[in-house]
Structure formats: structure tokens, C-alpha cells
Amino acid sequence: MTEPRKTPQKTARSGQKRPRKPPPQRLVQKMQKVVPPVREQLAEQPETPAEPAVPAGPAPARLTAAAVASGLEGLGVAAWAVTMLSTGSRNGILGGLLVLLLAAIPLAAAYGLRQVRRWSRGPALIIHLLGLPVAWSMLHSDTGGIVASGAALTAVSLAGLVLLVHPATTDALGIRRTASN
């Protein structure tokens, strides 16, 4: 066994460097008992299979439909932002800019789904889930136009959720499913 390398350390009083103490012999013996078994266990484990490759070619129809659903929600949020911006009030402009920024999330998710990118499924799922309580409150409005918009938002959100959790979509995105017990 080779002796550990000593590196100089500065002392607090003089500022001069002193050699570092080697670890206690008991600690070295414990480490020697622990480290070889861990190395053996790591050597025995089979290599994990490589990530499933994303198929090259056109996106499956379900994935394209999920991208359309996310894009529709993004365009709806962008239209809402434009109506807020058109009010001209200070709060309307600030709120409209914030909502316009939020519209970028489903639009980016739609782009990613269309390009068969794995990262895009998470934001799309979140946006569709957030669309459901908004649609619920719209459906309980007294204005006919808002109720119709709530019904459309409900349909798009539910369709997007179903399409995004479908096994064909997860397979197309290269997301591994967990084994059922």
C-alpha cells in the first residue's frame, strides 16, 4: 500500500504551510472493506439498455393531433392576451403581456410535439390540465359566448390529455413505460 500524498496546509497563526495528516488507520481499513464489494457489485450489474431511439420520419397521427390541441390552446391564450392588450388600461396592458408570455408555453409544446421532441410532453400535459379548471369556471358563466368557449376548451383539453397519455404517443416520443405488477 502506498502512503497517501501529503499536501501542505497553512496554519492559522504563522501562515506557514504544514503537511496534512494521513487518515487514521482504522478508517483506511474500514474503507478497504467497503470499497471492493461495491466495485464487485457494480461490475456484476448488467448495463442498462440504451434509450429507445426516436423514429425518424413523420410524426404519428396521435402525436400530430396532440400538437394541434396544444397549438389551439396556445392560440386561444394568445387571443385572450390580445383582447386584454386592446383595453388600453395599465392593468390590461400588463396583464395582456403576462398572458402573452404564458401563451408561449403551449405554442412551444405544440412545436416540440410536432418535431417529436420528448421534452414537449410535460408542458403540454400541464397546460391541458390547467385548462380544465379554467373551462369549468367558463362553463358556469352567465354569458353564452363564454359558455361556448368553455365547452370548446374542455373538449380540446380532454382530447389533448387523452392523446398525450396514449401508449402510441409515449412510444413515438421514446418515453419508456413502467412495467405493470
Tell me the Kirkwood radius of the stretch 61-173: reciprocal of the mean inverse pair distance over distinct alpha-carbon atoms, in Å. 14.3 Å
Using packing as a proxy for protection, rank 72-78, 152-158 so that the peptide with the highest average count of other Cβ atoms within 10 Å comes first. 72-78, 152-158
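Read the figures in this text as sums done on the coordinates, not as results from a lab. Owing to the predicted nature of the structure, the values given are computational and were not obtained by experimental measurement. Please note: Cβ atoms are built from the backbone with ideal geometry, for glycine as well, and neighbour counts cover all protein chains shown.
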